Amino acid sequence: MIHDVIERWHLHMRGQLPGGLDELLDDDVVFYSPIVYTPQAGKAVTTLYLSAAGQTLPGEKTSSSGDPSKGFRYTKQVLSGDTAVLEFETTVEGQYVNGVDIIRCNDAGKIVEFRVMIRPLQAINLVHRQMGEMLEKMK
């Protein structure tokens, strides 16, 4: 089941999934932010956080030399049972950001848990600031 979910997640990330997050997320999904201590429960709040992250972490599409590798990209993925771990890299304001999305699904093929971890510390501080600004704009 997780293979299908991750295939649809990648389609969503490319803007090619009709229904987007509404199709992917279970109504009772729980989002674990690298910034917020408490888990965020429910489809509406998870959609808000993931949408803000999409605006905050798209990375720089190209570097000054035209190198597209500075944009958000998944570099590794491990799928097992109902869980996927997707490692990503991007660059935000010239700062390297490395992290993982840990995604768990149910038997219906819906995401029930989405956990994000980011490193290094400078990236966490930058993402914290930018996510706060983006969430404020989206309210």
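At a glance:
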item: Filter result for residue 104 (at pLDDT below 95, open to solvent by 60 Å² or more (accessible area, probe 1.4 Å) and out of contact with any helix residue (DSSP H, G or I) (no Cβ under 6 Å at 6 or more places or on another chain)); result: no
item: Leading residue by the ranking (modelled with the lowest pLDDT) among those in the stretch 61-87 that are open to solvent by less than 60 Å² (accessible area, probe 1.4 Å) and part of a loop (DSSP other than H, G, I, E, B); result: 63
item: So residue 101, is it closer than 20 Å to residue 12 by Cβ, in contact with a Cys (Cβ under 8 Å, 6 or more places away or on another chain) and either touching a residue at least 12 places away in the same chain (Cβ under 8 Å) or of a type in the set (Asp, Glu) (or both); result: no
item: Residues (in contact with a strand residue (DSSP E or B) (Cβ under 6 Å, 6 or more places away or on another chain) and open to solvent by less than 50 Å² (accessible area, probe 1.4 Å)) located in the stretch 112-126; result: 112, 113, 114, 116, 118, 123, 124, 126
item: Index of the failed condition, residue 118 passing every other in (1) within 21 Å of residue 8 (Cα to Cα); (2) touching a residue at least 60 places away in the same chain (Cβ under 8 Å); (3) in a strand (DSSP E or B); result: (1)
item: Qualifying residues in the stretch 88-101 (those that are over 20 Å from residue 78 (Cα atoms) and not polar (S, T, N, Q)) - the one surrounded by the most Cβ atoms within 10 Å (Cβ to Cβ); result: 92
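Residues checked against (1) part of a helix (DSSP H, G or I); (2) surrounded by fewer than 13 Cβ atoms within 10 Å (Cβ to Cβ); (3) not aliphatic (A, V, I, L, M):
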| site | (1), (2), (3) |
| --- | --- |
| 6 | yes, no, no |
| 22 | yes, yes, yes |
| 26 | no, no, yes |
| 30 | no, no, no |
| 38 | no, yes, yes |
| 44 | yes, yes, no |
| 47 | yes, no, yes |
| 50 | yes, no, no |
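The values are calculated or read from the model by the stated rules, or taken from the named source; none is laboratory data. Computed from a predicted structure; not experimentally measured. Counting neighbours? That spans all protein chains shown, and the Cβs are built from the backbone with ideal geometry, glycine included. Please note that ligands, DNA and RNA were not included when accessible areas were found on the heavy atoms of the full protein model with its side chains. Shrake-Rupley method; radii C 1.70, N 1.55, O 1.52, S 1.80 Å.
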